[in-house]
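The values are calculated or read from the model by the stated rules, or taken from the named source; none is laboratory data. Predicted model only: the values in this text are computed from it and were never measured. Cβ atoms come from the backbone with ideal geometry, glycine included; neighbour counts cover every protein chain shown.
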Amino acid sequence: MANRWASEDRAARRCRLRLVERSRFRRLVQRALDALPPEIDAYLDNVAIVIEREPSAEDLEDAGVEPGSTLFGLYVGTPLTDRGEYHMTLPDRILIFQGPLERAFHPRDIPDEVQRTVLHELAHHFGFEEREMERLGLD
């Protein structure tokens, strides 16, 4: 993942940690989804947005995150650009990791970073690669 999405834990530990209430964090994710254009909804009918406290070891491995780094979000599924027929399959998942976002950013910046993370992972669902996301400011 790009530099932004795999941040050094040492830098994160230097930030003051103020936990965001789970319900507020959930609302931040929902606000990011609500801000999407209505035309996007049709493409998200088989996508589950899941908030996790921390990424698992398997999540970190799947994302290719180096030891000592962390992950803010993860798209698990088949991008729309890589699909053929698509019937009766499990939903794709977008995982948003609350703990790493809280540790890496000042509380006043968390709403923007949650939105950026949600958009970044949705971009993976639509088939965008990291290089394309950098150009769009979603790195």
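Below is a table of values for the structure above.
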quantity	calculated
Positions within the range 32-74 being of a type in the set (D, E, K, R), closer than 18 Å to Ala123 by Cβ and out of contact with any strand residue (DSSP E or B) (no Cβ under 9 Å at 6 or more places or on another chain), in sequence order	Asp34, Glu39, Asp41, Asp45
Residues within the range 77-105 that are assigned to a helix (DSSP H, G or I) and either at pLDDT 90 or above or on the phi > 0 side of the Ramachandran plot (or both), tallied	7
Filtered residue count, the range 93-112, keeping only those that are acidic (Asp, Glu), under 14 Å from the mean Cα position of the chain (by Cα) and surrounded by fewer than 19 Cβ atoms within 10 Å (Cβ to Cβ)	1
Every residue from the range 81-102 that is more than 21 Å from Asp62 (Cβ to Cβ) and touching a Lys or Arg at 6+ places or on another chain (Cβ under 9 Å)	Glu102
The range 48-74: number of residues that are surrounded by fewer than 17 Cβ atoms within 10 Å (Cβ to Cβ) and in contact with a Pro (Cβ under 8 Å, 6 or more places away or on another chain)	2
Flag for Pro111 being closer than 23 Å to Leu28 by Cα, in contact with a helix residue (DSSP H, G or I) (Cβ under 9 Å, 6 or more places away or on another chain) and part of a helix (DSSP H, G or I)	yes
Search result, residues across the range 18-76 that are part of a loop (DSSP other than H, G, I, E, B), touching a residue at least 60 places away in the same chain (Cβ under 8 Å) and under 22 Å from Met133 (Cβ atoms)	Ala35, Leu36, Gly64, Val65, Glu66, Thr70, Leu71, Phe72
